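A short write-up of the structure that comes next.
The numbers here are math on the coordinates, done by the rules we state, and not lab data. Since we're looking at a predicted model, the values are computed, not measured. Please note: Cβ atoms are built from the backbone with ideal geometry, for glycine as well, and neighbour counts cover all protein chains shown.
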Amino acid sequence: MNLLTQKTKLALVAASKEVIKTYIEQLNISRRNVALFGDGMGKTVITSNRGTPKGGYVPSSATVTARGNGFMAQDLTIQNTAGPDGNQSLALLSNSQHTVLYRCGLHGFQDTLCAENNLQFYLDCEISGTVDFIFGNAKAVFQSCRLLVRRPKINGAHNVVTAQGRNKAEDDHSGFSFQNCSVMAMPKENLTGVETYLGRPWRNYSHVIFMESFLDGIVHPSGWVPWKKNHTRINWAGYSKGTDAKKAEYTVDRFINGIQWVPKYITYKHGL
């Protein structure tokens, strides 16, 4: 291990004739237009193991925090290894307007990714976790992402992929859209007896869409679960087949106006 700064350590690990670069640190990015480029998902790893004690400040656990607009990461992994005993332990918190993550891994357990606010785009990423592992109030599209479910801390507990925070019916700046994604078990993870749901409403007008996606058999047929056990479901159908015109509203170019700000060299699906 070589000390790079007072807060940064770099470990080089030889594996299969390749070098894995592991940076052991917490990054706080406040400047605009910062881009992190690695050598590949799993080959360049930024990691920390800070959890959130009961009653603690959740954002302080994040391995990477991005608040400067125009944040981008490509070909790397960001993880939090606090484990299932670490309570809420974020890998990434982004409040950056025009966040782009391309071919990145985000790994943790509870609250892995906080897409806090603003327009965000995640393309060809792997995101793993247990409870509410994709949450926040951002307006975000996840395209061709693999959502990998892990075993929770408590036996009998259930997993929830999303906890979206839209709080006003008229707020069109908040919502998650998943297009051409998959929800599956983490490889080699034993999920026997564990129920997995697509989401639960963190706020009153939580807004989440899954379309053109693969849902493995681990996903409970109900799809969604109340925030708390004593919260009741709405009395109208919370899902529908939807028309192509309606689904098109949740694509990258329509939902987050991606054609105006996603880097031109990144190839993504513009519509349905």
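Highest first, please rank the peptides 181-190, 114-123, 39-48, 58-67 by the mean number of other Cβ atoms sitting within 10 Å of their residues. Provide the component values of the computation, followed by the final result.
Numbers: 181-190: 14.9, 114-123: 24.0, 39-48: 18.9, 58-67: 22.1.
The peptides rank, most packed first, as 114-123, 58-67, 39-48, 181-190.
Non-local amide H neighbours of Ile29 (under 5 Å, H modeled in plane, Pro and chain starts lacking H): which ones?
Result for Ile29 returns Thr65, Ala66, Arg67.
Below 8 Å, C-alpha to C-alpha, sequence gap of six or more: please give me the relative contact order for region 24-260 in percent.
13
Whole-Hz Karplus ³J(HN,Hα) for region 106-118, in order, using 6.51 cos²θ - 1.76 cosθ + 1.60 and θ = phi - 60°, x for Gly and Pro?
In residue order, the calculated couplings are 10, 10, x, 10, 7, 6, 4, 10, 9, 8, 5, 7, 6 Hz.
Let me know the shape class of region 34-114, please: from the alpha-carbon gyration tensor, a ≥ b ≥ c as square roots of the eigenvalues, rounded when a/c is under 1.5, otherwise prolate if a/b is greater than b/c, or oblate.
oblate
With springs only between Cα atoms under 10 Å apart, run a GNM on the chain and tell me which of Gly105, Gly242, Gly38 wobbles the most.
Ranking Gly105, Gly242, Gly38 by mean-square fluctuation puts Gly242 first.
Would you mind counting up the charge near Asn95? Only other residues with Cβ under 14 Å from its Cβ, with Lys and Arg at +1 and Asp and Glu at -1.
Spelling it out: positives minus negatives among the neighbours equals +3.
Considering the chain as a Gaussian network with a 10 Å cut-off on Cα pairs, which listed residue, Leu215, Leu92, Leu106, attains the greatest mean-square fluctuation?
Fluctuation is largest for Leu215.
Give me the distance between the Cα centres of region 33-79 and region 101-143, rounded to whole Å.
Their Cα centres are 11 Å away from one another.
Add -39500 (n - 2.57) for each DSSP H run of 4 or more in the chain, then divide by its residues: what number comes out at 222 nm, to the nearest 500 deg cm²/dmol?
-500 deg cm²/dmol
Check which residues have an amide H placed less than 5 Å from Val208's amide H, if you skip close sequence neighbours.
Phe176
Between (i) 13; (ii) 29; (iii) 9, which matches percent of Cα pairs over 35 Å apart calculated for the structure shown?
(i)
Under a point-charge model restricted to the Cβ atoms of Lys and Arg (+1) and Asp and Glu (-1), what is the dipole moment magnitude of region 24-260 relative to its Cα centre, in debye to the nearest 20?
Charge dipole, region 24-260, about its Cα centre: 500 debye, nearest 20.
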